1. Arrange the peptides 148-160, 3-15 so that the one whose residues have, on average, the most other Cβ atoms within 10 Å appears first.
2. Connecting C-alpha atoms closer than 10 Å in a GNM of the chain, tell me which of 110, 209, 197 has the biggest fluctuation.
3. Over the chain, give the accessible area per residue in Å² for a 1.4 Å probe, as an integer.
4. What part of the accessible area of the range 1-87, given as a whole %, is carbon or sulfur when the probe is 1.4 angstrom?
5. Starting from the amide H of residue 76, placed 1.01 Å from N in the peptide plane, find each other amide H under 5 Å away whose residue is 5 or more places distant or on another chain.
6. Counting only C-alpha contacts under 8 Å and six or more residues apart, can you give the relative contact order of the chain as a whole percent?
7. How much of the DSSP bridge set in the chain is antiparallel, in percent, rounded to the nearest 5?
8. Which percent of the accessible area of the range 126-204 is formed by carbon and sulfur heavy atoms (probe 1.4 angstrom)?
Amino acid sequence: MIVIGEKINTSIEQIGLAVESKDKSAIEEIAKRQVENGADYLDINCGTFIDDEPGYIKWLVETVQDVVDKPLCIDSPNADAVESGLKSIRHGTPIVNSITAERQRWEAMLPLVLEHNAYVVALCMDGDGIPEQPDGRVKIAVKLADELTRKGLNTENIFFDPMVNPISTNTQNGLITLETMRRLKQEIPQARTVCGLSNISYGMPARRLINQVFLTASVLSGLDACIVDPLDRRLMSLLYASEALAGKDEYCMDYIRRYRSGLLE
C-alpha cells in the first residue's frame, strides 16, 4: 500500500494559518511527523488560497523538501498551481492529482503529466459529473486508461480514483465505491487504485471509526494507495493488518517491521 499523507492541506485550519504566515517550522514538523509514521508520499494542497495558489504551492513544495526526501503528490484542479509545484520538485517521481475525462481539465493537465514524467490520479468523472453507479464510473476509467496509454503513459503509472462520496448523503456510497474498486481491477488488470479515504465519513460523528473500518474494506476490495492521516495510529495499524490478511504483505514483513518499531496499536 502506498500511503499518501493528507495533513499538508490548507483546509485544515492550523495548516492554513501556518501557510498564510509562512511558518516554515510548523510545515516542516508536520511533514517529518507524517514520514516518521509511515507516509510514502506527502499530499500538497493549498486550494483555499485561490488568489495565489501557484505561489503558495511552490513555497510548500520547497519547504517540505528541505526536511524530507519523500516524493510529493501535487493536489489541485488548477493547472497553473500544479505546474508551479512540479517545477519545484527535487525528490522522486511526483503524482499529479488529478485528471478527469472533462475536456478542459484533460487538456490542461495532460501536458504537465507528460512533461514531468509524473504519475497521475485519474478521477472516475467526466463533464456530466460523477456517475451514481459503478458501471458508469468504470466506463469512464476504461476510456481514460485507453486515452492515457495512447499518449504514452504506462497503465501502472495511473492511479484510478473510484470517487468516495460520504455515507451521510447516501448510505449506499460506501458499497458503491468498494464495488467500483473491484470492477476496476477486473476491467483494467494492471490498474492501481487510490482514494481520499476520509471523504466517506464527512458529516458523521466519530469520523475516525468510520474511516478505519472503510480502510479495511477498501484494502480487501483492491485499494493500492490511500490519502490518509498517517498520524492516526489505529488506522495505520489496521492498514498493515489488513494487507497481511489480504495476502498483500509477503511473509507479513511490513506488519512485523511496524510491530517491532512499536508503531502498532
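The values are calculated or read from the model by the stated rules, or taken from the named source; none is laboratory data. What you see is a predicted model; the values in this text were computed from it and never measured. Every residue, glycine among them, receives a Cβ derived from its backbone with ideal geometry; neighbour counts consider all protein chains shown. With ligands, DNA and RNA removed, areas are computed over all heavy atoms of the protein, side chains included. Shrake-Rupley method; radii C 1.70, N 1.55, O 1.52, S 1.80 Å.
1. Descending packing order for the listed peptides: 3-15, 148-160.
2. Among 110, 209, 197, the largest mean-square fluctuation in the Gaussian network model of the chain belongs to 209.
3. Working: 12240 Å² over 265 residues.
That works out to 46 Å² per residue.
4. That fraction is 41 percent.
5. 97, 98
6. Contact order relative to length: 16 percent.
7. For the chain, the DSSP antiparallel bridge percentage is about 5.
8. 45 percent
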